[in-house]
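Take a look at the following structure, please.
The values are calculated or read from the model by the stated rules, or taken from the named source; none is laboratory data. Computed from a predicted model, the values in this text were never measured in an experiment. Cβ: placed from backbone, ideal geometry, glycine included. Neighbour counts: every protein chain shown. Ligands, DNA and RNA are excluded from the accessible area calculation, which covers all protein heavy atoms including side chains. Shrake-Rupley method; radii C 1.70, N 1.55, O 1.52, S 1.80 Å.
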Amino acid sequence: SDSESGSEDSSLSDSELQEAFSKGLLKPGLNVVLEERPKRRNDTDGLKLCLSEFKQQLAWVERLDVTLGQVVDPVAQSATSKDAVDPENDFQREMSFYRQAQAAVLEALPKLRKLQIPTRRPDDYFAEMAKSDQQMQKIRQKLKSKQEAMERSEKAKQLRAMRKYGKKVQTEILQRRQKEKKNMLNAVKKYQKGLSDKLDFLDEEQTSSQGNKKGSANQRIKKGPNAKRRYKNQKFGFGGKKKGSKWNTKESFNDVSSFRPKVAHNKGPGKGGKKALNKRPGKRARQKMKNRAR
Amino acid sequence: GKWKNKERVLIFSSRGINFRTRHLMQDLRTLMPHSKADTKMDRKDQLFVINEVCEMKNCNKCIFFEAKKKQDLYMWLSNTPQGPSAKFLVQNVHTLAELKMTGNCLRGSRPLLSFDPIFDKEPHYALLKELFIQIFSTPQYHPKSQPFVDHVFTFTVTDERIWFRNYQIIEEDASLVEIGPRFVLNLIKIFQGSFGGATLYENPHYRSPNMHRRLIRLSVAAKLREKQQVKEVQKMKKKGSKALIGEDPTEVVFETPAEEKPVEIQLVKPESKPIIKDKKKPRKIQRKKQKKLFRTE
């Protein structure tokens with residue numbers, strides 16, 4: 001590196017180094033003083049002189065030049081960000097050029113109109129264009145193909161989304177139908193068993209004979225089957241033994257959503273005052289009472 | 001009207017240019033009706049020969065493309081009899097024929113020139129602006145020109161370079177579409193004369209492409225060297241510093257060499273080991289076979 005010790009620099013002899021040190025030219029850490037050749041000429045006076053000689057005094061109409069900054073974009077950043085246009089950011093850069101061109105056009109068009117220079121080509125004016133018609137066709141084809149490709153991909157995406165949604169809706173409908181069927185069957189069975197004599201489920205017509213048979217059993221409505229049996233019926237549906245279907249499965253065992261701690265620990269509102277009244281005091285309390293009685 | 005502003009621009013190149021440069025040149029000739037073409041110049045001739053060529057063709061401006069090493073493209077813009085002239089490095093060339101440039105304009109229509117405000121701030125930029133205006137603007141009532149103004153050239157200074165774009169004006173509300181071509185100019189020097197003379201300005205931000213490539217190579221090499229050095233240092237660390245310790249005589253004092261064994265030379269071949277039959281061998285073979293079958297399943 002440049003700041004290596006001067007002993008490696010063989011061009012300067014020791015005596016010269018000593019002299020330089022005494023003069024104070026050698027500073028710690030900087031032993032090689034590089035002198036840049038006078039590059040980077042910037043002869044401003046010469047430039048100005050040249051410009052003045054070179055400049056042509058022509059009417060604006062001959063030159064058609066506009067020196068203007070950009071159109072202040074109300075949507076995007078403020079004018080201060082123009083200095084911060086990142087040249088690496090392609091889109092931002094091109095937009096800044098575009099806006100500069102727009103500003104120039106907006107300023108120049110009124111001037112041109114005043115000078116009666118046409119800017120728009122009339123429709124019946126046919127003249128040679130800078131790009132041939134063939135070229136323009138190619139460009140149009142390319143644009144069209146790009147657009148088509150985009151549309152196709154959009155359509156495919158939409159189709160996929162719709163299919164997903166359709167599937168979801170279909171499964172929902174099927175599930176709903178299953179549920180309704182199940183409920184209907186349960187209601188029918190309930191009525192069959194005589195638990196409910198309401199014909200709420202619409203189109204079920206029971207014959208009178210069947211109703212008489214269950215008449216005597218109607219008195220047993222209130223009691224009906226056991227609480228345990230009723231619970232199992234509600235959970236697993238009606239009908240007889242279905243191969244152990246009224247047993248717990250792993251999921252139902254792990255499902256503790258119907259656990260009510262107050263009921264389980266007998267901490268809920270007391271089942272009538274009976275239990276409270278019948279509550280037998282504990283051993284210690286009984287001993288105390290006995291001792292007190294003695 | 002009468003054509004008064006007699007500007008003629010000579011656009012030509014040296015030998016060794018590639019297709020992109022050739023197309024760019026043709027595009028410029030298309031867009032500028034006041035331009036003239038010439039054959040390729042041999043690089044052996046010196047640059048001031050160009051002045052004579054221009055005089056022969058009766059041109060007072062010149063755009064000269066120079067290709068070096070088949071990689072770098074330089075562009076000279078000059079006002080031929082007396083100067084000034086400027087040399088640029090051209091980068092990022094896109095021609096008219098690119099399919100992403102969708103605009104179109106009349107052949108020979110006059111352009112509107114749009115400059116960045118920076119062009120008015122520095123004297124060298126001001127000189128360049130004047131040069132651009134005189135070269136790129138089509139004179140009014142030129143016989144090959146169309147009287148409409150339907151496209152705009154923009155010159156912007158960004159990142160110490162001059163960016164050129166060409167847009168078509170579609171509507172009166174200034175909606176634009178790019179026509180092309182587009183290129184980026186990196187100013188190298190401005191000379192007082194045409195293709196020679198005193199240097200008026202030298203761009204401090206310019207780095208020649210050779211230097212650029214060299215720096216890239218050096219940086220890569222430096223990285224490699226650093227990696228190697230790091231590896232060596234690690235090796236040294238692993239080995240550990242083997243400090244030389246002098247011979248300690250007290251170490252050797254208690255060393256007693258072992259008794260020498262008598263040398264035995266075997267004359268008779270030793271007995272071979274008895275072969276014990278492996279009772280489990282057939283079973284082992286079977287298990288191996290089963291394993292193989294299982295794996296291939």
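Across the range B:1-56, what is the number of residues that are under 21 Å from B:F183 (Cβ atoms) and in a helix (DSSP H, G or I)?
Total satisfying the criteria: 14.
Shifting gears a bit: In this structure, does B:Q134 turn out to be touching an Asp or Glu at 6+ places or on another chain (Cβ under 8 Å), at the interface with another protein chain (Cβ under 10 Å from one of its Cβ atoms) and open to solvent by less than 20 Å² (accessible area, probe 1.4 Å)? Lay out the reasoning, then the answer.
On the way: touching an Asp or Glu at 6+ places or on another chain (Cβ under 8 Å): yes; at the interface with another protein chain (Cβ under 10 Å from one of its Cβ atoms): yes; open to solvent by less than 20 Å² (accessible area, probe 1.4 Å): yes.
Here the answer is yes, as B:Q134 does meet what is asked.
Of everything in the range A:44-59 that's at the interface with chain B (Cβ under 7 Å from one of its Cβ atoms) and within 24 Å of B:Q140 (Cβ to Cβ), which residue is surrounded by the most Cβ atoms within 10 Å (Cβ to Cβ)?
Narrowing the range A:44-59 to residues at the interface with chain B (Cβ under 7 Å from one of its Cβ atoms): A:44, A:46-48, A:50-51, A:54-56, A:58.
Restricting the remaining residues to those that are within 24 Å of B:Q140 (Cβ to Cβ) gives A:51, A:54-56, A:58.
Numbers: A:L51: 19, A:F54: 15, A:K55: 13, A:Q56: 11, A:L58: 16.
Among those residues, the one meeting the criterion is A:L51.
Looking at B:Q146, B:Q168, B:Q140 in this structure, which one is touching a residue at least 12 places away in the same chain (Cβ under 8 Å) and more than 16 Å from A:I117 (Cα to Cα)? Can you show your working first?
On the way: B:Q146 fails: more than 16 Å from A:I117 (Cα to Cα); B:Q140 fails: more than 16 Å from A:I117 (Cα to Cα).
Exactly one residue qualifies, and that residue is B:Q168.
Here is a list: B:L113, B:L77, B:L127. Which entry is outside any loop (DSSP other than H, G, I, E, B), more than 8 Å from every other protein chain (Cβ to nearest Cβ), surrounded by 17 or more Cβ atoms within 10 Å (Cβ to Cβ) and in contact (Cβ under 8 Å) with a residue 40 or more places away in the chain?
On the way: B:L113 fails: more than 8 Å from every other protein chain (Cβ to nearest Cβ); B:L127 fails: more than 8 Å from every other protein chain (Cβ to nearest Cβ).
Of B:L113, B:L77, B:L127, the one residue that is outside any loop (DSSP other than H, G, I, E, B), more than 8 Å from every other protein chain (Cβ to nearest Cβ), surrounded by 17 or more Cβ atoms within 10 Å (Cβ to Cβ) and in contact (Cβ under 8 Å) with a residue 40 or more places away in the chain is B:L77.
Only one of these conditions is not met by A:S96: (1) modelled with pLDDT of 80 or more; (2) assigned to a loop (DSSP other than H, G, I, E, B); (3) not aromatic (F, W, Y). Which number is it?
(2)
Another question about this same structure. Condition first: facing chain A (nearest Cβ under 7 Å) and touching a residue at least 40 places away in the same chain (Cβ under 8 Å). Now tell me which residues in the range B:96-110 satisfy that. Let's see the steps before the verdict.
Filtering the range B:96-110 for residues facing chain A (nearest Cβ under 7 Å) gives B:96-97, B:99, B:102, B:104-107, B:110.
Once the filter is applied, which keeps residues that are facing chain A (nearest Cβ under 7 Å) and touching a residue at least 40 places away in the same chain (Cβ under 8 Å), the range B:96-110 yields B:L96, B:A97, B:T102, B:N104, B:C105, B:L106, B:R107.
Taking the range B:166-178, which residues are open to solvent by less than 20 Å² (accessible area, probe 1.4 Å) and at pLDDT below 90? Before the answer, list the steps.
Pass one, the range B:166-178, residues open to solvent by less than 20 Å² (accessible area, probe 1.4 Å): B:166-167, B:174, B:176.
Selection gives B:A174 alone.
Something else: Can you tell which of A:E107, A:E128, A:E154 is within 12 Å of another protein chain (Cβ to nearest Cβ) and open to solvent by less than 100 Å² (accessible area, probe 1.4 Å)?
Just one listed residue meets the conditions, A:E107.
Select from the range B:137-152 the residues that are part of a loop (DSSP other than H, G, I, E, B) and facing chain A (nearest Cβ under 7 Å) and write down the one among them that is most open to solvent (accessible area, probe 1.4 Å).
In the first step, residues of the range B:137-152 are kept if they are part of a loop (DSSP other than H, G, I, E, B); the result is B:137-145.
When the remaining residues are screened for being facing chain A (nearest Cβ under 7 Å), the result is B:137, B:139-140.
Numbers: B:S137: 7, B:P139: 0, B:Q140: 25 Å².
Looking at residues that are part of a loop (DSSP other than H, G, I, E, B) and facing chain A (nearest Cβ under 7 Å), I get B:Q140.
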